[in-house]
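Report on the following structure.
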Amino acid sequence: MTTRPTRPADTPAIHALIDLCYREYDCVLRVELDEPHLVEPGPYFRATGGEFWVVEDDAGIIATCAVKIHPDSAELKTLYVHPRARRQGLGRELTELAMEFARAAGRNRFVLWSDTRFTKAHALYRSMGFVQEGERDLHDSNRSREYGFHTTLG
């Protein structure tokens, strides 16, 4: 497996992976309508000093993760792992990569928002020291609600 920054040619495979993950929850990925940051994920995140990574193996892209840099914090975005690659530590590894990137960017507060249906992801975040804080309705086509999580970077 290789973890690397995304390239433009990765975008269709990124969309396919995220759509696969969405469909596990009876949702559909509608990039232009609900997730415009995925139209060109690399340039979108890099424009504010962040990054978007993919993990690939011989079969293609099996995981994604991004970090968005805000003036006073950094935010974990777009963490998805292919069902066949789960329970191998990829989610934790990618979250740690994003946290290290945020530290290097001088951020001490690290936040994320996660769909209320993604209970296994919530368990991962809690095991890494994140505290749940807040809830929001996205008003999107999948009728998503999200929980907020945060931690302090040491």
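Derivation of every value follows stated rules applied to the coordinates shown; laboratory data play no part. Model, not experiment: these values are computed from the prediction. Neighbour counts run over all protein chains shown; Cβ positions are idealised from the backbone, glycine included.
Values as computed for the structure displayed
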quantity: Dipole magnitude of the stretch 2-152, debye to nearest 20 (Cβ charges: Lys/Arg +1, Asp/Glu -1, about Cα centre); calculated: 360
quantity: In the stretch 120-154, chymotrypsin sites (Phe, Trp or Tyr not before Pro) in a DSSP loop with at most 15 other beta-carbon atoms within 10 Å; calculated: none
quantity: Net charge, L79 excluded, C-beta distance under 14 Å - Lys, Arg +1, Asp, Glu -1; calculated: -2
quantity: The chain: C-alpha gyration tensor shape, a/c 1.5 cut-off, then a/b vs b/c; calculated: rounded
quantity: Gyration tensor (alpha-carbon) shape descriptor, the stretch 1-82, a/c threshold 1.5; calculated: oblate
quantity: Gained length - R143 relative to R4, 0.36 nm times residue gap less alpha-carbon distance; calculated: 46.8 nm
quantity: Percent of beta bridges antiparallel (DSSP, the chain, rounded to nearest 5); calculated: 90
quantity: Loop-located trypsin sites (Lys or Arg not before Pro) in the stretch 66-130 whose Cβ has at most 12 other Cβ within 10 Å (DSSP); calculated: R87
quantity: The stretch 1-52-the stretch 81-143 distance, computed between alpha-carbon centres (Å); calculated: 15
quantity: The chain - mean residue ellipticity at 222 nm from DSSP helices (-39,500 (n - 2.57) per run, n ≥ 4, rounded to 500); calculated: -9000 deg cm²/dmol
quantity: Linear extension gain, R126 paired with R30, 0.36 nm per residue minus alpha-carbon span; calculated: 31.7 nm
